[in-house]
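**Q** One structure follows; several queries about it will come next.
The values are calculated or read from the model by the stated rules, or taken from the named source; none is laboratory data. Just so it is clear, the structure is predicted and the values come from calculations on it, not from any experiment. A quick note on method: Cβ atoms are made from the backbone with ideal geometry, for glycine too, and the neighbour counts reach across all protein chains shown.
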């Protein structure tokens with residue numbers, strides 16, 4: 001419920017504007033006493049529901065999706081992740097402008113979990129996303145650019161503005 005949380009962002013910008021039953025909205029509980037157990041619970045809930053039909057994604061300036069940061073290896077399942085300094089700087093506005101107030105860790109669906117969704121929708125806006133978007137779509141698939149894994153999905157849709165698409 002923190003004003004800078006992803007949950008608050010989604011409630012403000014999406015769920016408050018659509019007629020989606022609350023029972024169909026699922027978030028990880030970042031305040032859970034056992035975060036690793038919470039990640040396992042979330043994966044179990046996805047499996048019990050028969051998977052994810054539609055997954056909305058954004059892309060970070062460093063090419064992360066779902067807080068899967070560039071790394072030598074990527075987690076397949078929902079997990080705890082240490083946020084890159086660049087991601088913390090990019091999210092500072094949600095925390096009073098101070099990157100030090102942005103959490104150092106987050107919970108994220110893994111690349112494998114994301115890729116199992118029926119349809120992926122990637123939304124990218126602004127010039128700051130143009131370079132990583134072009135590399136993600138046209139370059140090799142690499143753990144150093146997690147968004148590049150979207151090339152492997154059978155049904156990915158892109159919704160981008162002119163600035164984000166300027167290097168495509």
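**Q** Out of (1) at pLDDT 95 or above; (2) within 23 Å of residue 39 (Cβ to Cβ), what's the single condition that is false for residue 139?
**A** (2) is the only condition that residue 139 fails.
**Q** Also: Checking the structure you have, find out if any residue of region 79-95 is more than 14 Å from the chain's Cα centre (by Cα), farther than 23 Å from residue 40 by Cα and part of a loop (DSSP other than H, G, I, E, B).
**A** no
**Q** Among the candidates 30, 63, single out the residue that is in a loop (DSSP other than H, G, I, E, B), surrounded by 12 or more Cβ atoms within 10 Å (Cβ to Cβ) and modelled with pLDDT under 95.
**A** None of the others qualify; the one that does is 30.
**Q** Pull out all pairs, ordered by first then second residue, where Cβ-Cβ is under 7 Å, the residues are six or more apart or on different chains, the first lies in region 154-168 and is touching a residue at least 40 places away in the same chain (Cβ under 8 Å), and the second is part of a loop (DSSP other than H, G, I, E, B).
**A** From residues that are touching a residue at least 40 places away in the same chain (Cβ under 8 Å), the pairs are 164/125; 164/126.
**Q** Could you give me the residue pairs with C-beta distances under 8 Å whose first residue belongs to region 53-75 and is free of Cβ contacts under 8 Å to residues at least 40 places away in the same chain, whose second residue is assigned to a loop (DSSP other than H, G, I, E, B) and buried (at least 18 other Cβ atoms within 10 Å of the Cβ) wherever it lies, and which are 6+ apart or on separate chains?
**A** Partner pairs satisfying both residue conditions: 75/110.
**Q** How many residues are over 12 Å from the mean Cα position of the chain (by Cα), at pLDDT 95 or above and either buried (at least 18 other Cβ atoms within 10 Å of the Cβ) or not in a loop (DSSP other than H, G, I, E, B) (or both) if we restrict to region 33-60?
**A** The number of residues fulfilling the criteria is 14.
Okay, residues lined up against (1) surrounded by 15 or more Cβ atoms within 10 Å (Cβ to Cβ); (2) touching a residue at least 60 places away in the same chain (Cβ under 8 Å); (3) in contact with a strand residue (DSSP E or B) (Cβ under 6 Å, 6 or more places away or on another chain); (4) closer than 13 Å to residue 59 by Cα:
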| site | (1), (2), (3), (4) |
| --- | --- |
| 85 | no, no, no, no |
| 98 | no, no, no, no |
| 115 | yes, no, no, no |
| 126 | no, no, no, yes |
| 129 | yes, yes, no, yes |
| 147 | yes, yes, yes, yes |
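**Q** Give region 123-147 a look and list any residue that's within 14 Å of residue 67 (Cα to Cα) and either more than 13 Å from the chain's Cα centre (by Cα) or not in a helix (DSSP H, G or I) (or both), or say none.
**A** Correct list: 143, 144, 145.
**Q** Now, a different point. Please verify whether region 96-107 includes one or more residues that are within 29 Å of residue 154 (Cα to Cα) and either modelled with pLDDT of 90 or more or assigned to a helix (DSSP H, G or I) (or both).
**A** yes
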